[in-house]
Amino acid sequence: VEYSIEEHLIADETEQERKDKMSRILESLTPRQKEVIHYRYVESMSLDDICKIMDMNYQSVQNLIQRSVKKIRDTFKEKKRIVLSIKPKSRCL
């Protein structure tokens, strides 16, 4: 299967929009939250390893991850709600 240039451009644009959205969402996190999310989900580190690197106890790391994920979800929902409220409503004729 070969894709047209237009399909490649659309895919690239979609990917860039996704990256931009994620960057804006991550901006809402504290530096410590960003750090723990990076270790856990980008580096795929174990909680024990994160505890050692961040010099935190196990429960604190778990709590920080959960609060960070919740904040990401809440921020994503809020941004999605704002975008949906801006879209014009279609009229049925």
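Computed values, structure above
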| quantity | calculated |
| --- | --- |
| In Hz, Karplus ³J(HN,Hα) per residue of segment 2-7 (6.51, -1.76, 1.60; θ = phi - 60°; x = Gly, Pro) | 10, 9, 6, 4, 4, 5 |
| Protection proxy ranking of 50-61, 30-41 - average other beta-carbon atoms within 10 Å, highest first | 30-41, 50-61 |
| Segment Leu9-Lys34, extension gain: residue separation times 0.36 nm, minus the distance between their alpha carbons | 5.9 nm |
| Within straight-line cross-link reach of Lys34, aspartates and glutamates at Cα separation under 17 Å, skipping those fewer than 8 residues along the same chain | Asp20, Glu43, Asp49, Asp55, Asp74 |
| Difference of contour (0.36 nm per residue) and Cα-Cα distance, Arg24 to Val42 | 4.8 nm |
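Bear in mind these aren't lab numbers, they're just calculated from the coordinates by the rules spelled out. Just so it is clear, the structure is predicted and the values come from calculations on it, not from any experiment. Methodologically, a virtual Cβ is constructed for each residue, glycine included, from the backbone with ideal geometry; neighbour enumeration extends over all protein chains shown.
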